[in-house]
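Before any comments, here is the structure.
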Amino acid sequence: MGSWFKRFFSEAGHNVLISGRKTELTYKDVAKKCDVVILSVPIDAAISIAEEIGPLMSQNQLLTDFCSLKESILNSMLSSTSAQVTGTHPLFGPFTDSIKGQNIILCHGRGTEWRKWLEDEFTKKGAVVTHMDSATHDKNMAVVQGLTHLLTICLGRTLQKLNMSPSDAVLYSTPVFRLKIDLMARLFAQDPGLYANLINKNTHVENAVDTFLSAMDEARKCLSSGQDENAISFMENIRDFFGDYCQDGLEESNKTLNALYKANKHESKRFQKEIKDRLG
């Protein structure tokens, strides 16, 4: 994400300096030279760096971060520096082509001048910026990231225990299940430490998991009882909660699944052509 936003801010006309474990430029150098310092590292490292460079920064600078959790890092930045402080969470990954339409959360810490500048940098390129306090952010991320990734990991483990290999499963998958397989593979193709931290470092995940397990128990009783009335009533109750978003979600997911189908169809034709060319 650091590399992604280096390109983003550079293309916006800003001079961007990078400091890391393998650069000659140190964290302290950056804190002394830059108006805005962004911590784009794992949360434990971000807290450590904030404590190291915070005292070197002035009220005319901004210290911010790109961590996925906000309560601990925001408190660390506020207690470590007199600089302006904002927590920033881009809700997308480094494989994203454009910031347009992407969600970004800003958590207020101290000062408004640089926070307004940061928001403007994002919104003028089409990002959707939402302001949120750090506690609410982390509670929401317990579901959006923690619980979601836990369910993906558990579904992958289920396939493993059932000995259902992904390469076989795609041959008899529906479009929805094919998308789920791809999302499982996507998670395991990346850094497992990242996902472990999103689950075990968010103190609100345990409550989200308990709530899910309670819902799972309800669903299992209603849907496995053999009584259709109970099953339908259970799902209609949830549908009422979703309201108009049911239709919106149907239309949006159809676009996603159609795009996936077209991509797979194109890839299949390309593969068939390669085989045909090889065979002469």
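The values are calculated or read from the model by the stated rules, or taken from the named source; none is laboratory data. Everything numeric in this text was worked out from a predicted model, so none of it was measured. When we count neighbours, we look across all protein chains shown, and the Cβ atoms used for this are built from the backbone with ideal geometry, even at glycine. Side chains are part of the model used for accessible areas, which takes the heavy atoms of the whole protein and leaves out ligands, DNA and RNA. Shrake-Rupley method; radii C 1.70, N 1.55, O 1.52, S 1.80 Å.
On the stretch given as the stretch 110-128, residues that are within 19 Å of the chain's Cα centre (by Cα), open to solvent by 30 Å² or more (accessible area, probe 1.4 Å) and among the hydrophobic types (A, V, I, L, M, F, W, C) total 1.
Every test in (1) at pLDDT 95 or above; (2) in contact with a Phe, Trp or Tyr (Cβ under 6 Å, 6 or more places away or on another chain) is passed by D29 save one, and that test is (2). Every condition in (1) more than 28 Å from the chain's Cα centre (by Cα); (2) within 24 Å of F177 (Cα to Cα); (3) open to solvent by 80 Å² or more (accessible area, probe 1.4 Å) holds for A231 except the one numbered (3). Taken over the stretch 28-45, the criterion of being open to solvent by less than 70 Å² (accessible area, probe 1.4 Å) and in contact (Cβ under 8 Å) with a residue 60 or more places away in the chain is satisfied by V36, I43. Reported count of residues in the stretch 4-27, each being surrounded by 14 or more Cβ atoms within 10 Å (Cβ to Cβ) and part of a helix (DSSP H, G or I), is 6. Within the stretch 192-214, being outside any helix (DSSP H, G or I) and open to solvent by less than 90 Å² (accessible area, probe 1.4 Å) holds for K201, N202, H204. Beta carbons closer than 8 Å, at least 6 apart along the sequence or on distinct chains, pair a first residue in the stretch 109-121 that is on the phi > 0 side of the Ramachandran plot with a second that is hydroxyl-bearing (S, T, Y) and not in a helix (DSSP H, G or I) for G111/T86. Residue-level check: of (1) under 21 Å from the mean Cα position of the chain (by Cα); (2) over 19 Å from V41 (Cβ atoms); (3) open to solvent by 60 Å² or more (accessible area, probe 1.4 Å), I99 misses just (3). Scanning the stretch 46-73 for residues that are open to solvent by less than 10 Å² (accessible area, probe 1.4 Å), closer than 24 Å to G146 by Cβ and out of contact with any His (no Cβ under 6 Å at 6 or more places or on another chain) turns up A46, A50, T64, D65, C67, I73. Assess whether M184 counts as being at negative phi, open to solvent by 40 Å² or more (accessible area, probe 1.4 Å) and not charged (D, E, K, R). No. Considering each residue of the stretch 68-90 in turn, none proves to be farther than 17 Å from P42 by Cβ and of a type in the set (D, E). S58: over 18 Å from the mean Cα position of the chain (by Cα) and assigned to a loop (DSSP other than H, G, I, E, B), yes or no? Yes: the conditions hold for S58.
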